[in-house]
Amino acid sequence: MSERHDIAFTLNGKPVNATVDARLNLADFLRHTLRLTGTHVGCEHGVCGACNVLIDGRSARSCLTLAVQADGAQVETIEGLTEHKTIADLQREFVARNALQCGYCTPGMLVTAAELLARGKPGRHEIREALSGNFCRCTGYQAIVDAVEAVALARAGAKP
Ligand code: FES
Ligand code: FES
C-alpha cells in the first residue's frame with residue numbers, strides 16, 4: 001500500500017486541505033480530485049507545457065510536480081487566472097488574433113505568458129524564448145506571439 005500525506009495549500013486564492021497518495025502528481029490531483037480540468041495533460045513527461053500552472057508565481061509543469069510538493073504553496077490554475085480577470089486582456093487578444101484553434105495548448109500558453117507579462121514588458125525574442133517550452137500543433141505560433149506582444153505593449157501604455 002502506498003504512503004499518504006496530508007497537504008494544505010492555497011489554490012486560486014482559496015485553501016485546499018487533502019490527504020493524497022505520495023505518488024499522485026499535481027495535474028491529476030487538480031483534474032481528477034478537484035475537477036479543475038482547465039489544466040490539460042498532453043505528454044505527461046514535462047515536454048509539451050499543456051499542464052503548466054503557477055506555483056508561487058512561477059510557471060511549473062504540474063505533470064512533473066507531485067501534489068505533496070504543493071504543500072504550503074500558492075497555486076494558480078487557468079481557472080483562477082480567468083476568474084480573477086488577471087489575464088482578461090490576454091484572453092481577448094488570443095481570440096481577436098485567432099491564437100488558438102483546437103485550444104488544447106491554450107491554458108498552458110496563457111499560464112506561461114501570464115508569468116512572463118507579470119515580470120515586465122517582454123520583447124518578441126523574449127516572448128518566443130518563454131513560450132519555447134509550450135507546444136502547439138495547430139497555430140504555427142505566430143498569432144500567439146503577436147497576442148502576447150500586443151498585451152505587453154498595451155500594458156506598457158504603447159500602441160500595438
Ligand atoms: S503534460 Fe506536462 S509537460 Fe506535457
Ligand atoms: S491550438 Fe491546438 S495545439 Fe495549440
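Going highest first, how would you order 74-81, 37-44 by mean Cβ packing within 10 Å? Intermediate results must be reported in sequence, preceding the final value.
Values: 74-81: 21.5, 37-44: 17.4.
So the order, starting with the most tightly packed, is 74-81, 37-44.
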Check your understanding: How far apart, in nm, are two points set 7 Å out from the Cα along the Cα-to-Cβ line at T33 and at Q74?
Key -> 2.2 nm
Exercise for review: Divide by every residue of the chain the summed helix terms, -39500 (n - 2.57) for each DSSP H run of at least 4, and state the resulting mean residue ellipticity at 222 nm, rounded to the nearest 500 deg cm²/dmol.
Suggested key: -9000 deg cm²/dmol
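Could you work out how much longer the chain between C43 and D21 gets when fully extended? Use 0.36 nm per residue separation minus the Cα distance between them, nm to one decimal.
Details: separation 22, 0.36 × 22 = 7.92 nm, distance 2.15 nm.
That pair, C43 and D21, stretches by 5.8 nm at full extension.
Looking only at trypsin sites (Lys or Arg not before Pro) in DSSP loops with at most 15 other Cβ atoms within 10 Å, what is the longest site-free stretch of the chain?
Working: sites that count: R23, R35, K85, R119, R137.
In short, 36-84.
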Review point. Pairing the Cα long axis of helix 106-118 with the longest principal axis of the chain, what angle in degrees results, from 0 to 90 and rounded to the nearest 10?
Key: 70 degrees
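Every read-out reported here was derived from the displayed coordinates using simple, explicitly stated rules and does not represent laboratory data. Just so we're clear, the structure is a prediction, and the values are computed from it rather than from any experiment. All Cβ positions, even for glycine, are placed from backbone atoms using ideal geometry, and neighbour counts span all protein chains on display.
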